[in-house]
Amino acid sequence: MSLPTEIRGVDIVVIPAYQPSEILLNLVKDVIAVGYGVIVVDDGSSSDVQWIFEQLQTLPDVVVLRHPENMGKGAALKTAFRYIRELRAPTTYIVTMDADGQHLPDDMEQAVMTARLHPGSLVLGVRDFNNEIPFRSKLGNKMTRMAFRIISRTKVTDTQTGLRAFGFSLLDYMLQTEGSGYEYEMNMLLHSRRNHIPIVEIPIQTVYLDKDNSSSHFHPFRDSMKIFKTIIKFASSSLAGFALDYVLFMVLTGITQGFTYSLLLSNVVARLGSGTFNYLLNRNFVFKEKENTCKTVLGYLLLAVGILLANNMVLSFYAYALMFPAWLAKVLTEITLFFLSLMVQSKLIFKKRTHGKAKTRKVNDCGTGTSAKIA
(Lines give C-alpha, C1' and ligand atoms only; values in the text may rest on other atoms or scores of the structure.)
Protein backbone atom coordinates (compact mmCIF):
# COMPACT_ATOMS: atom_id res chain seq x y z
CA MET A 1 0.00 0.00 0.00
CA SER A 2 1.37 3.42 -0.94
CA LEU A 3 1.82 5.97 1.80
CA PRO A 4 -0.70 8.81 1.52
CA THR A 5 1.02 12.19 1.55
CA GLU A 6 -1.98 13.81 3.24
CA ILE A 7 -1.09 12.36 6.66
CA ARG A 8 2.63 13.02 6.43
CA GLY A 9 3.82 15.70 8.81
CA VAL A 10 0.58 15.88 10.80
CA ASP A 11 -0.23 14.35 14.15
CA ILE A 12 -1.87 10.95 13.77
CA VAL A 13 -4.61 9.26 15.76
CA VAL A 14 -4.41 5.46 15.85
CA ILE A 15 -7.65 3.54 16.49
CA PRO A 16 -7.60 -0.26 16.72
CA ALA A 17 -11.06 -1.61 15.96
CA TYR A 18 -12.67 -5.02 16.38
CA GLN A 19 -16.39 -5.36 15.65
CA PRO A 20 -16.97 -1.59 15.91
CA SER A 21 -20.31 0.17 15.87
CA GLU A 22 -21.34 3.28 13.96
CA ILE A 23 -19.83 5.26 16.83
CA LEU A 24 -16.44 4.75 15.18
CA LEU A 25 -17.57 6.65 12.08
CA ASN A 26 -18.64 9.65 14.12
CA LEU A 27 -15.45 9.56 16.18
CA VAL A 28 -13.21 9.57 13.11
CA LYS A 29 -15.17 12.41 11.51
CA ASP A 30 -14.77 14.47 14.69
CA VAL A 31 -11.02 13.79 14.78
CA ILE A 32 -10.29 14.72 11.17
CA ALA A 33 -12.46 17.84 11.57
CA VAL A 34 -9.88 19.25 13.97
CA GLY A 35 -6.95 18.56 11.66
CA TYR A 36 -5.57 15.12 12.56
CA GLY A 37 -4.72 12.19 10.34
CA VAL A 38 -6.32 8.90 11.35
CA ILE A 39 -5.18 5.30 11.00
CA VAL A 40 -7.87 2.72 11.76
CA VAL A 41 -6.81 -0.91 12.05
CA ASP A 42 -9.53 -3.44 11.31
CA ASP A 43 -8.44 -6.28 13.59
CA GLY A 44 -10.23 -9.12 11.83
CA SER A 45 -13.79 -7.83 12.15
CA SER A 46 -16.60 -9.86 10.58
CA SER A 47 -18.26 -9.11 7.26
CA ASP A 48 -21.37 -7.54 8.79
CA VAL A 49 -19.39 -4.48 9.97
CA GLN A 50 -17.18 -4.07 6.90
CA TRP A 51 -19.45 -1.29 5.63
CA ILE A 52 -18.06 0.88 8.44
CA PHE A 53 -14.48 0.44 7.26
CA GLU A 54 -15.54 0.98 3.64
CA GLN A 55 -17.08 4.33 4.58
CA LEU A 56 -13.97 5.26 6.57
CA GLN A 57 -11.83 4.69 3.48
CA THR A 58 -13.79 7.36 1.63
CA LEU A 59 -12.94 10.03 4.19
CA PRO A 60 -9.97 12.39 3.67
CA ASP A 61 -6.88 11.92 5.84
CA VAL A 62 -7.95 8.41 6.86
CA VAL A 63 -6.01 5.18 6.30
CA VAL A 64 -7.59 1.78 6.98
CA LEU A 65 -5.24 -1.14 7.64
CA ARG A 66 -6.58 -4.67 7.92
CA HIS A 67 -5.78 -7.91 9.73
CA PRO A 68 -7.28 -10.98 8.02
CA GLU A 69 -8.11 -12.37 11.46
CA ASN A 70 -8.33 -11.06 15.00
CA MET A 71 -4.79 -10.69 16.36
CA GLY A 72 -5.38 -8.54 19.44
CA LYS A 73 -5.22 -4.88 20.41
CA GLY A 74 -1.44 -4.84 20.82
CA ALA A 75 -0.89 -6.35 17.38
CA ALA A 76 -3.26 -3.79 15.84
CA LEU A 77 -1.44 -0.89 17.50
CA LYS A 78 1.94 -2.15 16.31
CA THR A 79 0.65 -2.56 12.76
CA ALA A 80 -0.24 1.14 12.78
CA PHE A 81 3.06 2.10 14.45
CA ARG A 82 5.06 0.30 11.76
CA TYR A 83 3.06 2.12 9.11
CA ILE A 84 3.72 5.49 10.76
CA ARG A 85 7.44 4.75 11.03
CA GLU A 86 7.57 4.33 7.26
CA LEU A 87 6.19 7.86 6.86
CA ARG A 88 9.54 9.14 8.19
CA ALA A 89 8.02 12.25 9.74
CA PRO A 90 10.05 12.94 12.92
CA THR A 91 7.88 15.90 13.96
CA THR A 92 4.75 13.75 14.09
CA TYR A 93 3.06 12.93 17.38
CA ILE A 94 0.95 9.81 17.78
CA VAL A 95 -2.12 9.38 19.96
CA THR A 96 -4.09 6.17 20.46
CA MET A 97 -7.84 6.11 21.07
CA ASP A 98 -10.42 3.37 21.59
CA ALA A 99 -13.01 2.70 18.88
CA ASP A 100 -16.04 2.66 21.19
CA GLY A 101 -16.31 6.40 21.77
CA GLN A 102 -15.00 6.35 25.34
CA HIS A 103 -12.50 9.10 24.56
CA LEU A 104 -13.44 12.62 23.53
CA PRO A 105 -11.60 14.58 20.80
CA ASP A 106 -10.97 17.43 23.27
CA ASP A 107 -9.09 15.07 25.59
CA MET A 108 -7.23 13.60 22.62
CA GLU A 109 -5.99 17.07 21.64
CA GLN A 110 -5.02 17.74 25.25
CA ALA A 111 -2.94 14.55 25.29
CA VAL A 112 -1.09 15.55 22.11
CA MET A 113 -0.47 19.05 23.43
CA THR A 114 0.91 17.63 26.68
CA ALA A 115 3.17 15.23 24.74
CA ARG A 116 4.56 18.20 22.80
CA LEU A 117 5.22 20.06 26.05
CA HIS A 118 7.01 16.98 27.42
CA PRO A 119 9.00 15.54 24.49
CA GLY A 120 10.27 12.02 25.05
CA SER A 121 7.42 11.23 27.45
CA LEU A 122 4.50 8.84 27.30
CA VAL A 123 1.26 10.67 28.09
CA LEU A 124 -1.66 8.79 29.65
CA GLY A 125 -5.21 10.08 29.73
CA VAL A 126 -6.43 8.76 33.08
CA ARG A 127 -10.00 8.22 34.22
CA ASP A 128 -11.43 9.21 37.59
CA PHE A 129 -12.16 5.89 39.28
CA ASN A 130 -14.03 7.61 42.08
CA ASN A 131 -16.93 8.21 39.70
CA GLU A 132 -19.40 5.65 38.32
CA ILE A 133 -16.99 3.45 36.38
CA PRO A 134 -18.38 0.04 35.21
CA PHE A 135 -17.38 -2.80 37.51
CA ARG A 136 -15.46 -4.78 34.86
CA SER A 137 -13.34 -1.71 34.02
CA LYS A 138 -12.73 -0.87 37.67
CA LEU A 139 -11.81 -4.46 38.54
CA GLY A 140 -9.46 -4.90 35.59
CA ASN A 141 -7.69 -1.62 36.26
CA LYS A 142 -7.29 -2.34 39.97
CA MET A 143 -5.68 -5.72 39.29
CA THR A 144 -3.27 -4.47 36.65
CA ARG A 145 -2.45 -1.31 38.60
CA MET A 146 -1.41 -3.47 41.57
CA ALA A 147 0.74 -5.73 39.35
CA PHE A 148 2.44 -2.72 37.74
CA ARG A 149 3.21 -1.18 41.11
CA ILE A 150 4.76 -4.44 42.38
CA ILE A 151 6.96 -4.79 39.31
CA SER A 152 8.01 -1.16 38.82
CA ARG A 153 7.57 0.44 42.26
CA THR A 154 5.68 3.19 40.43
CA LYS A 155 2.11 4.28 41.00
CA VAL A 156 0.13 4.74 37.79
CA THR A 157 -3.49 5.79 38.17
CA ASP A 158 -4.90 4.08 35.06
CA THR A 159 -2.85 1.24 33.56
CA GLN A 160 -5.50 0.29 31.02
CA THR A 161 -6.29 3.64 29.47
CA GLY A 162 -6.41 3.50 25.69
CA LEU A 163 -5.75 7.24 25.33
CA ARG A 164 -1.97 7.59 25.07
CA ALA A 165 0.25 10.06 23.24
CA PHE A 166 3.95 10.16 22.41
CA GLY A 167 6.37 11.48 19.83
CA PHE A 168 7.78 9.82 16.71
CA SER A 169 11.09 9.28 18.55
CA LEU A 170 9.47 6.64 20.79
CA LEU A 171 8.07 4.49 17.99
CA ASP A 172 10.97 2.04 18.08
CA TYR A 173 10.50 1.57 21.83
CA MET A 174 6.81 0.87 21.31
CA LEU A 175 7.52 -1.65 18.56
CA GLN A 176 10.09 -3.47 20.70
CA THR A 177 7.52 -3.99 23.46
CA GLU A 178 6.16 -7.53 23.74
CA GLY A 179 2.49 -8.43 23.57
CA SER A 180 -0.28 -8.75 21.02
CA GLY A 181 -3.40 -8.40 23.21
CA TYR A 182 -4.42 -6.16 26.09
CA GLU A 183 -1.20 -7.07 27.89
CA TYR A 184 0.66 -4.91 25.37
CA GLU A 185 -0.55 -1.75 27.08
CA MET A 186 0.76 -2.94 30.45
CA ASN A 187 4.05 -3.99 28.86
CA MET A 188 4.29 -0.54 27.27
CA LEU A 189 4.26 0.98 30.75
CA LEU A 190 6.83 -1.52 32.05
CA HIS A 191 9.05 -0.92 29.02
CA SER A 192 8.81 2.83 29.54
CA ARG A 193 9.74 2.64 33.20
CA ARG A 194 12.66 0.28 32.58
CA ASN A 195 13.96 2.68 29.91
CA HIS A 196 13.36 5.75 32.11
CA ILE A 197 10.79 7.18 29.72
CA PRO A 198 8.75 9.63 31.83
CA ILE A 199 5.06 8.79 32.18
CA VAL A 200 2.82 11.86 32.27
CA GLU A 201 -0.79 11.61 33.44
CA ILE A 202 -3.60 14.00 32.51
CA PRO A 203 -7.22 13.69 33.72
CA ILE A 204 -9.82 12.91 31.06
CA GLN A 205 -13.53 12.37 30.78
CA THR A 206 -14.75 8.88 29.95
CA VAL A 207 -18.02 8.05 28.25
CA TYR A 208 -19.64 4.62 28.71
CA LEU A 209 -22.55 3.36 26.65
CA ASP A 210 -23.97 1.50 29.63
CA LYS A 211 -23.14 0.67 33.22
CA ASP A 212 -21.60 -2.69 32.26
CA ASN A 213 -19.36 -1.25 29.52
CA SER A 214 -20.67 -3.96 27.19
CA SER A 215 -18.85 -2.48 24.18
CA SER A 216 -15.50 -3.45 25.66
CA HIS A 217 -13.85 -6.67 24.45
CA PHE A 218 -11.70 -6.85 27.60
CA HIS A 219 -12.21 -10.06 29.58
CA PRO A 220 -11.26 -9.31 33.21
CA PHE A 221 -9.90 -12.76 34.07
CA ARG A 222 -8.42 -13.96 30.77
CA ASP A 223 -6.85 -10.67 29.76
CA SER A 224 -5.68 -9.86 33.29
CA MET A 225 -3.82 -13.16 33.30
CA LYS A 226 -2.03 -12.11 30.12
CA ILE A 227 -1.28 -8.74 31.67
CA PHE A 228 0.19 -10.49 34.72
CA LYS A 229 2.53 -12.44 32.44
CA THR A 230 5.74 -10.89 33.75
CA ILE A 231 4.94 -11.28 37.42
CA ILE A 232 3.67 -14.83 36.82
CA LYS A 233 6.90 -15.73 35.01
CA PHE A 234 8.94 -14.27 37.85
CA ALA A 235 6.90 -16.14 40.43
CA SER A 236 7.31 -19.38 38.44
CA SER A 237 11.06 -18.84 38.22
CA SER A 238 11.24 -18.15 41.93
CA LEU A 239 9.11 -21.20 42.71
CA ALA A 240 11.41 -23.45 40.65
CA GLY A 241 14.46 -21.95 42.35
CA PHE A 242 12.85 -22.43 45.75
CA ALA A 243 12.02 -26.08 44.98
CA LEU A 244 15.66 -26.77 44.08
CA ASP A 245 16.87 -24.79 47.09
CA TYR A 246 14.54 -26.63 49.43
CA VAL A 247 15.49 -30.09 48.16
CA LEU A 248 19.21 -29.31 48.41
CA PHE A 249 18.72 -27.82 51.88
CA MET A 250 16.87 -30.84 53.26
CA VAL A 251 19.38 -33.30 51.74
CA LEU A 252 22.35 -31.36 53.08
CA THR A 253 20.90 -30.99 56.58
CA GLY A 254 20.61 -34.78 56.66
CA ILE A 255 24.18 -35.25 55.47
CA THR A 256 25.72 -32.65 57.80
CA GLN A 257 23.63 -33.54 60.84
CA GLY A 258 25.82 -33.26 63.91
CA PHE A 259 28.16 -30.67 62.35
CA THR A 260 28.58 -27.28 63.99
CA TYR A 261 26.31 -24.76 62.28
CA SER A 262 24.89 -27.57 60.12
CA LEU A 263 21.73 -25.59 59.40
CA LEU A 264 23.52 -22.47 58.16
CA LEU A 265 26.15 -24.43 56.19
CA SER A 266 23.44 -26.38 54.39
CA ASN A 267 21.59 -23.16 53.67
CA VAL A 268 24.66 -21.50 52.13
CA VAL A 269 25.43 -24.41 49.79
CA ALA A 270 21.78 -24.81 48.77
CA ARG A 271 21.50 -21.08 48.04
CA LEU A 272 24.61 -21.13 45.83
CA GLY A 273 23.17 -23.93 43.70
CA SER A 274 19.64 -22.57 43.46
CA GLY A 275 20.90 -19.00 42.99
CA THR A 276 22.82 -19.93 39.85
CA PHE A 277 19.80 -21.75 38.50
CA ASN A 278 17.49 -18.82 39.32
CA TYR A 279 19.80 -16.28 37.67
CA LEU A 280 19.83 -18.22 34.40
CA LEU A 281 16.03 -18.52 34.42
CA ASN A 282 15.47 -14.81 35.14
CA ARG A 283 18.04 -13.65 32.61
CA ASN A 284 16.83 -15.81 29.73
CA PHE A 285 13.15 -16.41 30.51
CA VAL A 286 11.71 -13.63 32.65
CA PHE A 287 13.53 -10.40 31.82
CA LYS A 288 15.17 -11.62 28.56
CA GLU A 289 18.29 -9.54 29.13
CA LYS A 290 20.73 -10.88 26.53
CA GLU A 291 23.20 -8.01 26.75
CA ASN A 292 25.55 -6.79 29.49
CA THR A 293 26.21 -10.27 30.87
CA CYS A 294 29.08 -9.13 33.09
CA LYS A 295 26.95 -6.38 34.59
CA THR A 296 23.95 -8.62 35.29
CA VAL A 297 26.15 -11.39 36.70
CA LEU A 298 27.87 -8.91 39.03
CA GLY A 299 24.55 -7.35 40.02
CA TYR A 300 22.96 -10.72 40.65
CA LEU A 301 26.03 -11.88 42.62
CA LEU A 302 25.79 -8.84 44.89
CA LEU A 303 22.06 -9.44 45.28
CA ALA A 304 22.69 -13.14 46.03
CA VAL A 305 25.25 -12.26 48.73
CA GLY A 306 22.85 -9.75 50.27
CA ILE A 307 19.92 -12.18 50.09
CA LEU A 308 22.10 -14.96 51.53
CA LEU A 309 23.08 -12.84 54.53
CA ALA A 310 19.48 -11.79 55.04
CA ASN A 311 18.39 -15.37 54.45
CA ASN A 312 20.66 -16.71 57.18
CA MET A 313 19.55 -13.99 59.60
CA VAL A 314 15.86 -14.64 58.97
CA LEU A 315 16.38 -18.42 59.02
CA SER A 316 18.26 -18.19 62.32
CA PHE A 317 15.44 -16.11 63.76
CA TYR A 318 12.76 -18.62 62.77
CA ALA A 319 14.83 -21.73 63.67
CA TYR A 320 16.69 -20.65 66.80
CA ALA A 321 14.71 -17.76 68.29
CA LEU A 322 11.21 -19.06 67.53
CA MET A 323 12.26 -22.74 67.61
CA PHE A 324 10.44 -23.64 64.38
CA PRO A 325 11.42 -26.93 62.71
CA ALA A 326 13.96 -26.63 59.88
CA TRP A 327 11.46 -27.24 57.06
CA LEU A 328 9.03 -24.58 58.31
CA ALA A 329 11.77 -22.06 59.05
CA LYS A 330 13.07 -22.47 55.49
CA VAL A 331 9.64 -21.97 53.91
CA LEU A 332 8.90 -18.84 55.96
CA THR A 333 12.33 -17.42 55.15
CA GLU A 334 11.88 -17.78 51.39
CA ILE A 335 8.42 -16.20 51.49
CA THR A 336 9.78 -13.27 53.48
CA LEU A 337 12.54 -12.55 50.96
CA PHE A 338 10.58 -13.22 47.72
CA PHE A 339 9.28 -9.68 47.16
CA LEU A 340 12.62 -8.08 48.08
CA SER A 341 14.32 -10.13 45.36
CA LEU A 342 11.61 -9.28 42.80
CA MET A 343 11.95 -5.55 43.48
CA VAL A 344 15.75 -5.46 43.20
CA GLN A 345 15.94 -7.58 40.04
CA SER A 346 13.23 -5.74 38.09
CA LYS A 347 14.35 -2.27 39.22
CA LEU A 348 18.14 -2.56 39.18
CA ILE A 349 19.72 -5.71 37.79
CA PHE A 350 17.73 -6.40 34.63
CA LYS A 351 16.88 -2.75 33.90
CA LYS A 352 17.30 -1.87 30.22
CA ARG A 353 19.70 0.83 29.03
CA THR A 354 18.25 4.29 29.43
CA HIS A 355 17.93 7.12 26.97
CA GLY A 356 17.18 9.72 29.59
CA LYS A 357 16.49 10.22 33.26
CA ALA A 358 12.97 9.87 34.57
CA LYS A 359 11.61 12.18 37.23
CA THR A 360 8.66 12.13 39.55
CA ARG A 361 6.98 15.47 39.99
CA LYS A 362 3.75 17.36 39.38
CA VAL A 363 3.53 20.21 36.91
CA ASN A 364 0.89 22.60 35.68
CA ASP A 365 1.18 23.05 31.93
CA CYS A 366 1.11 26.77 31.27
CA GLY A 367 -1.35 27.73 28.61
CA THR A 368 -3.24 24.46 28.66
CA GLY A 369 -4.99 24.65 31.97
CA THR A 370 -4.18 20.98 32.51
CA SER A 371 -2.67 19.54 35.64
CA ALA A 372 -0.24 16.81 34.68
CA LYS A 373 1.58 14.34 36.90
CA ILE A 374 4.93 12.97 35.77
CA ALA A 375 5.89 9.56 37.11
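Worth a mention:
- Being in contact with an Asp or Glu (Cβ under 6 Å, 6 or more places away or on another chain), modelled with pLDDT of 75 or more and hydrophobic (A, V, I, L, M, F, W, C) is not true of I227.
- Among residues of the range 248-260 that are modelled with pLDDT under 85, those with a Cβ under 6 angstrom from a residue that is among the charged types (D, E, K, R), sequence gap 6+ or separate chain, pair up as F249/K330.
- Matching option when the condition is in contact (Cβ under 8 Å) with a residue 40 or more places away in the chain, under 19 Å from L189 (Cβ atoms) and of a type in the set (S, T, Y), among T91, T114: T114
- Taking (1) surrounded by 18 or more Cβ atoms within 10 Å (Cβ to Cβ); (2) touching a strand residue (DSSP E or B) at 6+ places or on another chain (Cβ under 9 Å) in turn, G101 satisfies each apart from (2).
- When the range 87-102 is filtered for residues that are farther than 22 Å from N26 by Cβ and assigned to a loop (DSSP other than H, G, I, E, B), the ones remaining, listed by number, are R88, A89, P90, T91, T92.
- Residue within the range 50-67 that is in the same structural domain as T96 (by TED's automatic domain parsing), in a helix (DSSP H, G or I), aromatic (F, W, Y) and more than 12 Å from Y18 (Cα to Cα) present: yes
The values are calculated or read from the model by the stated rules, or taken from the named source; none is laboratory data. All of these numbers come straight from a predicted model, not from anything done at the bench. No Cβ is skipped: glycine too gets one built from the backbone with ideal geometry, and neighbour counts run over all protein chains shown.
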